[in-house]
Amino acid sequence: MYAVIVANAPAFMIEPFYGLLSHADLLIAADGGGNSLYRAGLTPDLLVGDLDSLKPQALHAFRQAGVVIHQYPPAKDETDLELALLQAVAANATRIDILGALGGRFDQSLANVALLALPELASCRVRLLDAEQEVYLAHQSVVINGAIGDVVSLLPLGGPARGITTRGLEYSLYEADLYFEHSRGISNTIITTPAHVSVREGLLVIVHRFTR
């Protein structure tokens, strides 16, 4: 099952993602992410969060349309996006794309990247997407389907990532270790397509910036 979650980034523009949204088996609004859907005339299948950021007219429209709503109290341990991700997993999603989770508040963006490491997502393919880039975890081995000249950064998450091997990138690595507190993995470039990255141990975030 393919799920798309729309989060609440302040300057998020939904128009570039109409094609992607049309292929979603499950469309989830994480609280204020529903505002973007409402403005575009789109209705989610599921609305999740404490609803403190959702405009009243959007909430009314979704209720009238029969949207399933999971409302949580404002005093909670999880962000609305984390709750939305757990709902997607509960619905047996195997692929999850998250829109509107990058940009805006730095603390929120940083926390959203960290959510990729949720144990519940270990068997899912999960990406954070905006118009210019995608962010995801490398689970053992991944193929990067980009264009020559695209920028790829490899960032350890929460500690060292070990045994990294790449193909198709300008600065190649073979059984290399990257460290959370160092910047060695920043700004590599695709020189042959598709590119490949594998990691033997640890969490490795791939940030793929499109140049096309």
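The values are calculated or read from the model by the stated rules, or taken from the named source; none is laboratory data. Just so it is clear, the structure is predicted and the values come from calculations on it, not from any experiment. Because the Cβ atoms are built from the backbone with ideal geometry, glycine has one as well, and the counts that use them run over all protein chains shown. With ligands, DNA and RNA removed, areas are computed over all heavy atoms of the protein, side chains included. Shrake-Rupley method; radii C 1.70, N 1.55, O 1.52, S 1.80 Å.
Remark: the range 42-89 carries a charge dipole of roughly 280 debye about the Cα centre, counting +1 on each Lys and Arg Cβ and -1 on each Asp and Glu Cβ. Over the range 141-212, the alpha carbon radius of gyration divided by the compact-protein estimate 2.2 N^0.38 Å works out to 1.00. Remark: the range 142-153, residue by residue, has Karplus-estimated 3J(HN,Hα) of 9, 9, 9, 8, x, 10, 4, x, 4, 9, 10, 10 Hz, where x stands for each Gly or Pro and the curve is 6.51 cos²θ - 1.76 cosθ + 1.60 at θ = phi - 60°.
In the context of the full set of protein chains, residues of the range 132-196 present 53 Å² of accessible surface per residue (probe radius 1.4 Å, heavy atoms only). Shape summary: the range 19-72 maps onto an equivalent ellipsoid whose semi-axes, from the alpha-carbon gyration tensor, are 17, 12, 10 Å in decreasing order.
Using the Cα centre of the range 10-71 as origin and beta-carbon charges of +1 (Lys, Arg) and -1 (Asp, Glu), tell me which of L59, I69, H23 is placed farthest towards the positive end of the dipole. Farthest towards the positive end: L59. The helix-based estimate of mean residue ellipticity at 222 nm for the chain, built from -39,500 (n - 2.57) per DSSP H run of four or more residues and divided by its residue count, is -5000 deg cm²/dmol to the nearest 500. The alpha-carbon atoms of the range 56-212, seen along their principal axes, cover 54, 32, 30 angstrom, with the largest extent given first. Atom-type composition of the exposed protein surface of the range 17-159 places 52 percent of the accessible area on carbon and sulfur (1.4 angstrom probe). Bridges between two residues of the chain, per DSSP, are antiparallel at a rate of about 55%. Treating each Cα of the range 1-102 as an identical point scatterer and summing with the Debye formula, the log10 of I(q)/I(0) at q = 0.13 Å⁻¹ comes to -0.38. Compared with the dominant Cα axis of the chain, that is its longest principal axis, helix 80-90 is turned about 80°. In the context of the full set of protein chains, the range 23-112 has a per residue accessible area of 49 Å² (1.4 Å probe).
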